[in-house]
Structure formats: structure tokens, C-alpha cells
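**Student:** Pasting in a structure now, in C-alpha cells, and then I'll have a few things to ask.
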Amino acid sequence: HRHKGIGSTVIRQVIEGAAANGKPVRLTVANMNPGAERLYERLGFCRVGGDEVQHVMEHRQPQLC
């Protein structure tokens, strides 16, 4: 089911729900998963931490990355 927009739709719904409740959205992604990292960046996530195994990302306005 990849490349059909399902993941993007679900993530956008999570972002909208969090925004409606004044909550941030954070996630981790494996450093060895550049495809997922690109998806999250495209949806407005920025790297805010992590280590050699995984990145911590948070949803932000694109100009704040």
C-alpha cells in the first residue's frame, strides 16, 4: 500500500488533532530509513534531536526548521 497517500493522510489527521488540543507531535525515525525521514520532512517535521540510531522529529511550521 505504499505511495498511495495513506500514511500522509493519517499523519495529517494526527497533526490536526494535536493542534486542536494544543499538543506537539513528536516521533522517532531510524537513521537507516531515509524514505520515512523525507516523508516526515515533507509533512513539516524537523529534526530536534536523536543519536546515531534514530532521529527525533517534531512537527513545526516549515520556516521554523
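**Student:** DSSP loop trypsin sites (Lys or Arg not before Pro) in the chain with at most 14 other Cβ atoms within 10 Å of their Cβ, which ones?
**Tutor:** Here the trypsin sites (Lys or Arg not before Pro) that fit, given the DSSP loop and packing criteria, are Arg2, Lys4, Arg60.
**Student:** Could you work out [θ]222 nm for the chain from helices alone, using -39500 (n - 2.57) per DSSP H run of at least four and dividing by all its residues? Round to the nearest 500 deg cm²/dmol.
**Tutor:** Estimated from H runs of four or more residues: -11500 deg cm²/dmol.
**Student:** Would you please calculate the Kirkwood hydrodynamic radius of the chain over all C-alpha pairs and express it in Å, rounded to one decimal?
**Tutor:** Computed over the chain, the radius equals 12.3 Å.
**Student:** About the Cα centre of the chain, what is the dipole size in debye to 20, counting +1 per Lys and Arg Cβ and -1 per Asp and Glu Cβ, all else neutral?
**Tutor:** The dipole of the chain has a size of about 280 debye.
**Student:** Exactly which GluC sites (Glu not before Pro) in the chain are in a DSSP loop and have at most 11 other Cβ atoms within 10 Å?
**Tutor:** Glu52
**Student:** Between Arg2 and Ala19, what is the label-to-label distance in nm when each label sits 7 Å out along the Cα-to-Cβ direction?
**Tutor:** 2.8
**Student:** At 1.4 Å probe size, with every protein chain present, just tell me what the per residue accessible area of the chain comes to in Å².
**Tutor:** Here the per-residue accessible area is 75 Å².
**Student:** How much of the accessible area of the chain, probe 1.4 Å, is carbon plus sulfur, in whole percent?
**Tutor:** Carbon and sulfur: 51 percent of the exposed surface of the chain.
The values are calculated or read from the model by the stated rules, or taken from the named source; none is laboratory data. Values in this document were obtained by computation on a predicted structure and should not be read as measured data. All Cβ positions, glycine included, derive from the backbone under ideal geometry; neighbour counts span all protein chains shown. What goes into the accessible areas is simple: the full protein's heavy atoms, side chains included, and nothing from ligands, DNA or RNA. Shrake-Rupley method; radii C 1.70, N 1.55, O 1.52, S 1.80 Å.
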